[in-house]
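Heads up, the thing below is written out as structure tokens.
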Amino acid sequence: MLLGTSVESVRRRIKAGKINAFHDERGRLRIHACLPSGAAREGMPPNLVGLWDELKAAKSDLAAAASEAQQLRHELSLAHFHRREAQLDLVGLQNQSLELQQELETARQALAHTQNELASMWRVMSSRKERTEPGLTGMTDGNDAFDLPPAHNSLASDRSRIQSQITRIRDLSKRRRWPWPQAS
């Protein structure tokens, strides 16, 4: 026995009130493990004292491990939270990237359309310089915004009109929706 005495000696000490004991739910007799400290411990068997010290050290280690586990669980939950936030931010950035790519493509289409319009206006202006035929005044390209007015004799008025149309085209290119059909 760990106490260094017989079972009957332990029972006598329990009856005398020297050892605290209780009956469990099955009716078995259980002893409260309380070892005295200091001078009273000296009279106890060395194996019991060693076991008692081991038990105290194990309880201390267990409490430290439980505290560390709790701290690690907290850090893990924070890491999961930050990971979810990062994933949401990534999805938002991906959506924003797609929107910017679509806007860039629309701007490229608008630029190509504007370049085509300017080239056609330049061709018309170049042909007007070389010849002034009345047939050119009625030319239309199907877009009322760029139809030519009746022929003018003054080249300066044509330039100012073209510059105003270029300004108008630049203003249109800044809009999100374009007045012409989009190529798909």
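Would you please give the FRET efficiency between S127 and D171, computed as 1/(1 + (r/R0)^6) with r the Cβ-Cβ distance and R0 = 22 Å, to the nearest 0.05? Walk me through the intermediate numbers first.
Working: r = 27 Å, r/R0 = 1.22.
After rounding, the FRET efficiency stands at 0.25.
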Spin-label pair L88/D53, simplified geometry with 7 Å Cα→Cβ offset, distance in nm: 5.6
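If you take the beta carbon distance between R13 and L62 as r and set R0 to 45 Å, what does 1/(1 + (r/R0)^6) give as a FRET efficiency, to the nearest 0.05? The partial results should precede the final answer.
On the way: r = 30 Å, r/R0 = 0.67.
Efficiency for this residue pair is about 0.90.
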Potential extension, N116-A69 segment - 0.36 nm per residue separation minus Cα distance: 10.0 nm
Where labels lie 7 Å past Cα in the beta-carbon direction, separation of S6 and A79 in nm: 6.0
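Read-outs throughout are calculated quantities, based only on the coordinates presented, and are distinct from any laboratory measurement. Computed from a predicted structure; not experimentally measured. Quick reminder, even Gly has a Cβ in these numbers, built from the backbone with ideal geometry, and neighbours come from all protein chains shown.
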